[in-house]
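Notes to accompany the following structure.
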Amino acid sequence: MTNSEVFQLCNTAVLPAWVILMVFPKKPWRNLTIYTFCIFLSGAYALYVFRDISAFDPASFSSLNGVKQLFAREEVILAGWIHYLAFDLLVGNWIVNQSIKYGIRHLWVVPSLFLCFMLGPIGYLTFSGIKVLKTKRLA
């Protein structure tokens, strides 16, 4: 598969998972389904990371220019994007689990899930604010 095809596949594959989080939060199969999506994404990520591990330089992460050079290759950009897709989905699932644990109505959570899907940490931040307002606790 080409990099573009893998990008399209991964991008499309997460959409049903986000629908599950937003529409079926209390179904007993939700966690397993979401974790299965994340395992698929993690496998794709691992393939891209380990396919060219010899070009990996840990020192690249110590400066902005190093990261910029690291992401100059299409395969690295794709791996980074898959990384975002997987971790944002895991955070979205955590948000749903926390909302159930603390009895936060799902209607309050849906905007945070959408923001997590589109803007990652902003969704987490939004949910953290809702959680504090509704439960008077952050942790």
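Each value in this text was obtained by applying a stated rule to the coordinates, not by laboratory testing. Model, not experiment: these values are computed from the prediction. All Cβ positions, glycine included, derive from the backbone under ideal geometry; neighbour counts span all protein chains shown.
Grab the other residues whose beta carbon is less than 15 angstrom from that of LYS68, score K and R as +1, D and E as -1, and report the net. Present the calculation step by step, with values, prior to reporting the outcome.
Working: positive: ARG73; negative: ASP57, GLU74.
Once positives and negatives cancel, what remains is -1.
Which of VAL67, VAL109, VAL14 moves the most in a Gaussian network model of the chain with Cα springs under 10 Å?
Fluctuation is largest for VAL67.
Under 16 Å from the Cα of LYS26, which lysines turn up, not counting those fewer than eight places away in the same chain?
Of all the lysines, those that pass the test against LYS26 - Cα under 16 Å, at least 8 places apart if same chain - are LYS101.
Is the stretch 5-58 best put as rounded, prolate or oblate by its Cα gyration tensor, with a ≥ b ≥ c the root eigenvalues, rounded for a/c under 1.5, and otherwise prolate when a/b is larger than b/c, oblate when not? Each step should come with its number before you reach the end.
Values: a/c = 3.86, a/b = 2.36, b/c = 1.63.
In terms of gyration-tensor shape, prolate.
Grab the other residues whose beta carbon is less than 11 angstrom from that of TYR48, score K and R as +1, D and E as -1, and report the net.
Result for the neighbourhood of TYR48: -1.
With unit charges on the beta carbons (Lys and Arg positive, Asp and Glu negative) and the dipole taken about the Cα centre of the stretch 3-102, which residue among ALA86, THR36, PHE61 sits farthest to the positive side?
It is THR36, whose Cα lies furthest towards the positive end.
Tell me the mean residue ellipticity at 222 nm calculated for the chain from its helices only (DSSP H runs of n ≥ 4, each -39500 (n - 2.57), averaged over every residue, nearest 500).
On the way: 6 runs with 107 residues, N = 139.
Mean residue ellipticity at 222 nm (helix-derived): -26000 deg cm²/dmol.
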